[in-house]
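Have a look at the structure below, then the notes.
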Amino acid sequence: MSVTQIESNIFSSGAGYQPKSLYQIMEGRKFTGLCNGISLFLNIDVQIVRWCFIFLTLVTKGAWFFVYLVLIVLVPVAKTSEDSASARGHVYRSKFT
């Protein structure tokens, strides 16, 4: 079975899967929540993302910090429960509907 067949089965099965969206996640943040959101999007530990940002900032002599600032402006903040669910790849279901 190919990857596209598996993906089409997941999307058509209604198993509660939704493609992940990139957001700044405020829960557990150290600064803006950007690394937290990237770690959820890539499904890796947030400490790895933070250390990568620090390493890239040192290697590029501070230039990567400006990339970080641009990402803070471009990546939206997850303000609602629907945004937080979308960042995790879940379908948001309200208790009241």
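The values are calculated or read from the model by the stated rules, or taken from the named source; none is laboratory data. It should be emphasised that the depicted structure is a prediction, and the values quoted were computed from it without experimental measurement. Methodologically, a virtual Cβ is constructed for each residue, glycine included, from the backbone with ideal geometry; neighbour enumeration extends over all protein chains shown.
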When residues of the range 74-90 are limited to those that are closer than 20 Å to LEU42 by Cβ and not small (Gly, Ala, Ser), the one modelled with the highest pLDDT
LEU74
Conditions (1) surrounded by fewer than 17 Cβ atoms within 10 Å (Cβ to Cβ); (2) out of contact with any strand residue (DSSP E or B) (no Cβ under 6 Å at 6 or more places or on another chain) -> CYS35 fails only (1)
Could you identify the single residue in VAL49, VAL3 that is among the aliphatic types (A, V, I, L, M) and at pLDDT 55 or above?
VAL49
Could you name every one of the helices (runs of 4 or more DSSP H) located completely within the range 44-94 that has at least 3 residues being aliphatic (A, V, I, L, M) and at positive phi?
none
